[in-house]
Every structure is written in C-alpha cells, then in structure tokens.
1. Which of the residues spanning region B:1-24 are at pLDDT 90 or above and more than 11 Å from chain A (Cβ to nearest Cβ)?
2. Out of the residues in region A:126-164 meeting the condition of being farther than 20 Å from B:A93 by Cα and in contact with a helix residue (DSSP H, G or I) (Cβ under 6 Å, 6 or more places away or on another chain), tell me which one is surrounded by the most Cβ atoms within 10 Å (Cβ to Cβ).
3. From A:V23, A:V70, grab the single residue that is touching a Leu at 6+ places or on another chain (Cβ under 6 Å), closer than 30 Å to A:L105 by Cα and away from DNA strand C (no atom under 11 Å from the Cβ).
4. In region B:1-44, what residues are under 21 Å from B:R79 (Cβ atoms) and near DNA strand D (Cβ under 10 Å from one of its atoms)?
5. For region B:14-44, enumerate the residues that are of a type in the set (V, I, T) and under 13 Å from the mean Cα position of the chain (by Cα).
6. Name the residues in region B:119-166 that are at the interface with chain A (Cβ under 8 Å from one of its Cβ atoms), in contact (Cβ under 8 Å) with a residue 12 or more places away in the chain and not hydroxyl-bearing (S, T, Y), would you?
7. Which pairs have Cβ atoms under 6 Å, sit 6 or more apart or on different chains, and link a residue in region B:25-40 that is under 12 Å from B:L64 (Cα atoms) and within 14 Å of chain A (Cβ to nearest Cβ) to one that is assigned to a helix (DSSP H, G or I) and more than 16 Å from DNA strand D (Cβ to nearest atom)?
8. Does region A:68-109 hold any residues that are open to solvent by 30 Å² or more (accessible area, probe 1.4 Å), closer than 22 Å to A:T43 by Cα and not acidic (D, E), and which are they?
There are 2 protein chains.
Amino acid sequence: MNYDETREEFIQVWGSLASSWGVSKTMASIHAYLLSSAEPKTTDDIMSDLQISRGNANMNVRALVDWGLVRKVSIAGERMDHYEADKDVHSFAPKIARERRKRELEPIIEQLKSLRKVEGRTAEAKELKKTLGGIYDFAMLGDQFLRRYIQGEKGWLTRTLSKLLK
Amino acid sequence: MNYDETREEFIQVWGSLASSWGVSKTMASIHAYLLSSAEPKTTDDIMSDLQISRGNANMNVRALVDWGLVRKVSIAGERMDHYEADKDVHSFAPKIARERRKRELEPIIEQLKSLRKVEGRTAEAKELKKTLGGIYDFAMLGDQFLRRYIQGEKGWLTRTLSKLLK
DNA sequence: CAGTATTTTCAAAAATTATTGAAATTATTG
DNA sequence: CAATAATTTCAATAATTTTTGAAAATACTG
C-alpha cells in the first residue's frame with residue numbers, strides 16, 4: 001500500500017470513528033488529513049481534497065486549533081493561512097484528553113459532588129448515597145489521573161503504563 | 001435535597017451527558033433510574049416514570065442488559081420482567097470500559113496495524129510511517145492497560161491508581 | 001483609501017440518529 | 001389449546017446534529 005492509498009484510508013478510518021469519539025466526522029477527517037500531510041495546508045486545499053464546503057472547513061479547522069491539535073503557520077509570500085497538525089502522539093493525545101475530560105468527566109463530578117449528599121434516613125436514601133458516593137470517588141480518582149497526565153511531563157504516562165504492565 | 005429530588009436530578013444529569021459518552025440519552029436515563037432505585041423495576045415502571053414509549057424502553061433496557069450493566073430478575077408471583085442495575089461502580093465501570101474499548105479503540109488498532117506499514121522511500125512516506133507508528137504504539141499501550149482493567153481482579157485499578165498518584 | 005482577497009458567521013437544508021406506537025411474535029395461564 | 005399477557009420488532013416520524021453556501025466582516029495590497 002503506497003502513500004496516497006494509506007492517506008486516503010487513514011482519513012476515512014479516522015473520520016468514521018469520529019462519532020464514537022464525540023467529534024464531528026469532518027473534524028476528525030481534517031485532523032487525519034493534516035496528520036498525514038507533509039506540508040502545511042490551506043483551507044482551499046482541505047476543501048478540495050476532502051470535498052467539503054468552506055464554512056465546514058473553516059469551523060472545523062478552528063475547532064482543531066482551539067483543541068491545540070493544529071496550528072496556524074505562515075508561509076513566506078503566501079497570503080492564505082496554512083495549517084499544520086502536531087504529529088507527535090505524545091504531544092497531541094494529552095490535548096484530546098484535556099478536552100474530553102472537560103466535556104465528559106468534569107460535569108459529572110461537579111454534579112455528584114452535591115448529589116451524593118442526599119438527605120434522609122430511609123434505607124433507600126442510604127443506598128442511593130452509597131451508590132452516588134462510590135461513583136463520585138471513582139470519578140475523582142480518574143480525574144486525578146487524567147489531570148496528572150494532561151499537565152504532566154511528556155513521557156510520564158508511557159513510562160508509568162509500561163512499568164505497570166511489564 | 002431529599003431522595004426524590006436527588007434521583008430526578010441524577011437521572012437528568014446522567015441523561016444529558018449521554019451524548020458525550022456515546023450512548024443514547026434514554027439508555028443513560030434508564031441506567032440512572034435503575035441505579036437509583038431501591039427495588040427492581042418493570043418496563044411499565046420505566047415507561048411511566050421516564051415518560052417514554054414501550055419500544056424505546058424495551059430497546060434500551062436490552063442494551064443495558066447486553067452491556068452487563070443491568071440484569072433481569074424474577075419477582076415471585078409477578079409475571080412481568082423486573083430489571084435491576086449493578087450498583088457497584090467497581091463492578092459496572094469495567095463493563096462500560098469493555099464496550100467502549102471495543103467500539104472506540106479496537107477498530108483504530110486493527111486499521112493502524114496495516115496502515116503503519118505504508119510503503120515508499122520518499123520523505124513524506126517515511127514521515128507518515130512514523131506518525132502512524134507512533135499512534136499505533138500509543139494505542140496498543142492504552143489497549144493493554146484497558147484489557148488488564150477489564151478482565152482483572154476487582155480492586156486492581158483503584159489500588160494501582162491510588163499508589164500511582166500518592 | 002479603494003479594491004480585492006480571505007475568513008467568519010449563521011440561517012436554511014441535509015443527513016443522521018433516536019423515538020414512537022401499533023402490529024407481530026413469544027410466553028404464560030387456566 | 002384458547003385466551004390473555006408480555007415482549008419484541010420495525011416502518012414511520014420526530015429530534016438532533018452537521019453541513020452548506022452566500023452574505024457579512026475582516027485583513028491585506030498598492
């Protein structure tokens with residue numbers, strides 16, 4: 001399988017998995033497109049290679065920039081903005097973790113913090129308290145781990161997991 | 001905040017977060033409903049308390065049973081099926097992890113396994129190979145960790161993470 | 001500054017995903 | 001086995017999410 005075929009398939013796979021990763025198909029496709037590009041690309045490149053509209057390309061490139069997965073670079077003599085993906089998984093994965101933590105974990109923790117204090121001396125109230133408390137404690141542990149990964153030094157997770165699984 | 005208020009809010013929070021967790025809103029609401037129920041509930045209970053249709057209730061309860069988060073229990077003298085949630089987060093979280101791993105991680109790994117072998121001696125082919133290889137290795141590490149958690153003994157993850165974060 | 005290029009916005013349309021509800025199927029009871 | 005209860009299925013509908021594309025805003029260039 002050659003370069004172009006690999007690229008195309010990578011873009012298509014990354015895109016088709018997008019929904020289960022909680023991002024739009026286009027956002028994932030553009031990410032894969034830039035991850036597999038040797039050179040920075042313009043919005044026009046993205047539009048024509050991925051066959052999408054300008055508005056769509058613009059919105060999703062910006063989202064990728066917001067997530068920190070892609071950066072704007074200037075090419076001397078060119079007017080259009082060029083975009084380039086961070087290709088080092090150990091650098092971009094924590095950024096994805098940061099966004100997903102914020103969307104998927106933080107709101108649960110915030111809510112459970114108060115819900116687990118449910119009042120009442122009935123058996124059912126006590127049981128609910130225990131259930132919610134258990135979920136809260138578990139979520140907090142995951143949260144601490146994620147926070148450490150997100151802001152930690154680059155090799156930490158890999159080193160830790162490797163050791164752990166040896 | 002009393003038992004009923006807490007329950008209602010928990011159901012609503014769990015449901016509203018569903019989309020970012022890759023499950024349908026109803027599936028999450030039913031899960032929260034059963035997690036916060038002292039007694040096993042029938043499809044009719046779910047329908048009337050959550051205000052949803054029979055088809056919807058049936059489909060999503062079955063999905064919860066498939067995931068292993070809820071089990072069918074028989075109540076002596078009652079004809080209708082009753083459903084009860086596994087309330088121990090250390091028992092049900094690995095089941096969620098198992099399903100999400102299957103949907104979100106396994107397909108990427110399967111594809112990257114071959115894509116990372118991209119042929120070509122050009123600079124761009126080499127760079128792509130490096131990028132895809134890096135993502136693959138990282139995904140494999142996460143996969144090993146998840147597998148260990150999913151089929152491991154109950155306290156493993158909590159113990160490990162607690163030690164790690166101390 | 002005027003003219004042109006580029007980027008952004010956002011209402012409307014399209015695509016996707018979830019839900020309903022009634023009919024079909026399956027299970028239970030006497 | 002007939003009658004009834006309970007469950008499942010699935011085509012139609014509704015709700016949600018994504019995408020388009022043209023207009024508005026912004027940024028350059030000479």
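1. B:G15
2. Checking each candidate, the answer is A:L157.
3. Matching residue, one of A:V23, A:V70: A:V70.
4. The answer is B:T42, B:T43, B:D44.
5. B:V23, the sole residue that qualifies.
6. B:L132, B:I135, B:G142
7. Here the result reads B:A32/B:F10; B:L35/A:T131, each pair linking region B:25-40 to a residue that is assigned to a helix (DSSP H, G or I) and more than 16 Å from DNA strand D (Cβ to nearest atom).
8. Those that are open to solvent by 30 Å² or more (accessible area, probe 1.4 Å), closer than 22 Å to A:T43 by Cα and not acidic (D, E): A:R71, A:K72, A:V73, A:S74, A:I75, A:A76, A:G77, A:R79, A:M80, A:K87.
The values are calculated or read from the model by the stated rules, or taken from the named source; none is laboratory data. Here the structure is a predicted model, which means the values were calculated and not measured. Don't worry about glycine lacking a Cβ; one is built from the backbone with ideal geometry, like all the others, and counts go over all protein chains shown. Side chains included, ligands, DNA and RNA excluded: accessible areas come from the protein's heavy atoms. Shrake-Rupley method; radii C 1.70, N 1.55, O 1.52, S 1.80 Å.
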